[in-house]
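Chemist: One structure coming up, written as structure tokens, with questions to follow.
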Amino acid sequence: MKSKIFFSFVVVIFTAMISNFIFKWFIVKDFDEYNLAAEELTIHWILTSLEESYGNDGWDDKMLFESIHWGLMSGFDVELLDKEGLKVMDSKAILQSLKPIMKKRMKAILNFDNPTGDYKEYVIKEKNSEDSKIGTLRIRALAKYGLPAVKEEILKKRAKYFMLISFFIAGGGSILLAFLFAAYLTNPLKRFKEASIKIAKGDFNVTVPIKSSDEIGSLAKSFNYMAEALRREDRLRKHLMTNITHELRTPLTVMKANLEAVMDGVISDPREGQKNLEEEVNKLIGLVKSIEDVTKAEEGFFRRSEYEKVNLREFLEGLLSQFDQMAINKGIDLSMSRKVNLSLLIDREKLTTVFNNLITNAIKYTEKGNISVEYGVIDHSMFYITVNDTGIGLSEEDQDLIFGRFYKGRTSKGMGVGLSIVKELVDIMKGEIAVKSEQGKCSQFQIKLPLKKHNG
Ligand code: ADP
């Protein structure tokens, strides 16, 4: 990944460099073409001027001198030949005839000793006639010294330097940036890789730091959620195995003892032995049922919370109505004491399991009287649901222990998993559960959950 990102950056940089190079090439080419066109224009005017110097009496020496002198000042080595090819005048002769100071100045600017390139030849025709040749102009550019030459060079050099500098600064800088950027993008992935290797080796105590709120940040959040779920599952699995082994051992030991007693003739009435065996088998069936409940609940523990908008009154009434028959059978009054409408967001699946367990226990451990449900809001930040019963109550010691997995009170009528599931689900929903009870009189289970108000 890192090398791919780096490589794509390099391709982009390389393309930018190539366009830079093409840009430079065009600048230099345009400049050369501009120079050539300017040169052609000057030659054209020299030609015209020479044509003007020719009259009926042949070449006008004064005009000729001026034309070639002008050509010389424009930076050209000029030769004028007549129609027979004999030299009429040239720039060297003009140069010789100049005053010393002028000659010196000219030599300072133009290099007469090393003229560049070959002569170009132009036919000079008589004015107003296209056919009659009067002579030939041989002309070539002289190399320049001083400012003009320097200016030309400077422009070309600047274009070259611009390219080189941009190559080193922009190119080098961009490669460095590309390297840093690729590292910046791939570093978080390195952390994910290390964390997943740890998880694969069975070490679930890993979290990746959440350093941003972008895609990597939300990936880190999901990753941590997954690691947390795995930790929880691992913990529960170990816990469950210990408890199941413990719970299985008791009925199996009792069954074995009964069977031995029957075989050894210690129990004379086989029906008594069978009755004991049946009791233990029923306990085993109950245990299997509890394991089923735990497994089902655990599916919920690991599922991501899905909150939906409900009217809490309607939601609780709906759940409560399923227990009406059970309560009637036991002669208990089941009711909801405050019926205000409260619209909020809940995790329907988890809250249903929690509430059903609390009501089931209330009915299980109440012989007479009533069970009432209350709900409401605390400090605008939490909502509560309370289940009150006039049942057998709990000892203070039991109140501290009942939320542990497989903990059964002395009066237990189950396998001791219901409240532990309730507690774990309430924890997942970031809530609290509390119990108040008076032994032999009443119990109150209250859950408090964060209030997530929906918009609108
Ligand atoms: P169980 O299957 O034993 O009911 P729970 O985890 O649901 O397991 O409850 C743990 C213990 O808490 C029970 O064994 C019981 O002693 C006690 N308990 C739970 N709810 C009540 C209640 N409403 N009134 C009295 N005791 C209760």
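Chemist: For every other residue with a beta carbon closer than 13 angstrom to the beta carbon of Ile165, add +1 if it is Lys or Arg and -1 if Asp or Glu, then tell me the sum.
Modeler: So the environment of Ile165 carries a net charge of +4.
Chemist: Sticking with this one: Have a look at Val340, Val310, Val281 and report the one farthest towards the positive end of the charge dipole of region 265-353, computed about the Cα centre with Cβ charges (Lys/Arg +1, Asp/Glu -1).
Modeler: Val340
Chemist: I would also like to ask the following. How large is ³J(HN,Hα), in whole Hz, for each residue of region 179-184 in order, when computed from phi with the Karplus curve 6.51 cos²θ - 1.76 cosθ + 1.60 and θ = phi - 60°, using x for Gly and Pro?
Modeler: Per-residue couplings from phi come out as 5, 5, 5, 4, 5, 4 Hz.
Chemist: Quick one: order Val340, Val88 by neighbouring beta-carbon count within 10 Å, fewest to most.
Modeler: Fewest-to-most Cβ neighbours within 10 Å comes out as Val340, Val88.
Chemist: Something else: Specify whether the C-alpha gyration tensor of region 1-85 places it in the rounded, prolate or oblate class, a ≥ b ≥ c being the square roots of the eigenvalues: rounded for a/c under 1.5, otherwise prolate if a/b is larger than b/c and oblate if not.
Modeler: In terms of gyration-tensor shape, prolate.
Chemist: With +1 on each Lys and Arg Cβ and -1 on each Asp and Glu Cβ, how big is the dipole of the chain about its Cα centre, in debye rounded to the nearest 20?
Modeler: 1100
Chemist: Alpha carbons only, please: Rg and Dmax for region 371-456, in angstrom.
Modeler: Every Cα atom of region 371-456 included, Rg and Dmax give 14.2, 49 Å.
Chemist: Further, regarding this structure: Counting alpha carbon pairs within less than 8 Å and at least 6 residues apart, what relative contact order, in whole percent, applies to region 221-350?
Modeler: 23
Chemist: Out of all DSSP beta bridges with both ends in region 311-391, state the antiparallel percent to the nearest 5.
Modeler: 70
Chemist: Taking every eigenvalue of the Cα gyration tensor of region 417-456, multiplying by 5 and rooting it, what semi-axes result, largest first, whole Å?
Modeler: So the three semi-axes of region 417-456 are 26, 14, 7 Å.
Chemist: Could you work out the per residue convex hull volume over the alpha carbons of region 167-217, in cubic angstrom?
Modeler: 82
Chemist: Provide Rg over Rh for region 141-252; use the alpha carbon set for both Rg and the Kirkwood Rh (inverse mean inverse pair distance).
Modeler: That ratio equals 1.60.
Chemist: I've got another one for you. Rounded, prolate or oblate, given the Cα gyration tensor of region 275-342, with a/c below 1.5 counting as rounded?
Modeler: Here region 275-342 falls in the oblate category.
Chemist: What residues have an amide H closer than 5 Å to that of Tyr375, excluding those fewer than 5 places away on the same chain, when H is modeled at 1.01 Å from N in the peptide plane?
Modeler: Arg338, Thr386
Chemist: Could you tell me which residue out of Met326, Ser395, Thr295 lies farthest along the dipole of the chain toward its positive end? Charges go on the beta carbon: Lys and Arg +1, Asp and Glu -1, centred on the Cα centre.
Modeler: Ser395
Chemist: In the structure shown, do any of Lys256/Lys289; Lys238/Lys448; Lys103/Lys144; Lys256/Lys283; Lys283/Lys413 have a Cα-Cα gap over 19 Å, and if so which?
Modeler: Lys256/Lys289; Lys238/Lys448
Chemist: Follow-up question, since we're still on this one. Could you list Leu64, Leu185 so that the one with the fewest beta carbons within 10 Å of its beta carbon is first and the one with the most is last?
Modeler: Leu185, Leu64
Chemist: Distance between Cα centroids, region 28-72 to region 339-357: provide it in whole Å.
Modeler: 103
Chemist: Another question about this same structure. Among Ser381, Ser53, which comes first, second and so on when ranked by fewest other beta-carbon atoms within 10 Å?
Modeler: Ser381, Ser53
Chemist: Taking amide H positions as placed in the peptide plane 1.01 Å from N, state which residues far from Val417 in sequence (5 or more) or on other chains have amide H under 5 Å from it.
Modeler: Excluding prolines and chain starts, which carry no amide H, the hits are Phe406.
Chemist: Report the one residue of Val262, His246, Gly217 whose Cα lies farthest in the direction of the positive end of the charge dipole of region 137-289 (charges on C-beta: Lys and Arg +1, Asp and Glu -1; origin at the Cα centre).
Modeler: Most positive-ward Cα: Gly217.
Chemist: Debye calculation, C-alpha points only, no solvent: report log10 I(q)/I(0) for the chain at q = 0.07, 0.09, 0.10 Å⁻¹, in the same order as the q values.
Modeler: After summing over all Cα pairs, the log10 values are -0.64, -0.84, -0.93.
Chemist: Starting from the Kirkwood Rh over alpha-carbon pairs, what translational D in µm² s⁻¹ does region 351-391 have by Stokes-Einstein at 10 °C and 1.306 mPa s?
Modeler: Rounded, D is 143 µm²/s.
Chemist: About its Cα centre, how strong a charge dipole does region 1-130 have in debye, to the nearest 20, once Lys and Arg get +1 and Asp and Glu get -1 at the Cβ?
Modeler: 1160
Chemist: Follow-up. With the contact rule set at Cα under 8 Å and sequence spacing of 6 or more, what percent relative contact order holds for region 365-416?
Modeler: Taking the mean separation of contacting Cα pairs over the length of region 365-416, I get 28 percent.
Chemist: When the Karplus curve 6.51 cos²θ - 1.76 cosθ + 1.60 is applied with θ = phi - 60°, which whole-Hz ³J(HN,Hα) does each residue of region 255-266 get, with x for Gly and Pro?
Modeler: The phi angles translate into 4, 4, 4, 5, 4, 4, 5, 5, 5, 7, x, 5 Hz.
Chemist: Moving on to the next point. I need the shape label for region 328-408. Rule: rounded when a/c is under 1.5, else prolate if a/b > b/c, else oblate, with a, b, c from the alpha carbon gyration tensor.
Modeler: In terms of gyration-tensor shape, oblate.
Chemist: Please get the size of the charge dipole for region 360-456, origin at its Cα centre, with Cβ charges of +1 on Lys and Arg and -1 on Asp and Glu, quoted in debye to the nearest 20.
Modeler: That gives region 360-456 a dipole magnitude of about 300 debye.
Chemist: With no solvent and one point on each alpha carbon, what is the Debye value of log10 I(q)/I(0) for region 276-401 at q = 0.09, 0.10, 0.15 Å⁻¹?
Modeler: Values, matching the q order: -0.33, -0.41, -0.90.
Chemist: Give me the Å³ per residue figure for the convex hull around the C-alpha atoms of region 191-278.
Modeler: Residue-normalised Cα hull volume stands at 101 Å³.
Chemist: Just need the relative contact order of the chain here, percent rounded to a whole number, with Cα pairs under 8 Å and 6+ apart.
Modeler: About 9 percent, as a whole number.
Values quoted throughout were computed directly from the atomic coordinates according to the rules given, and no laboratory measurement underlies them. Treat the numbers as computed from the prediction; the structure is a model and nothing was measured. Methodologically, a virtual Cβ is constructed for each residue, glycine included, from the backbone with ideal geometry; neighbour enumeration extends over all protein chains shown.
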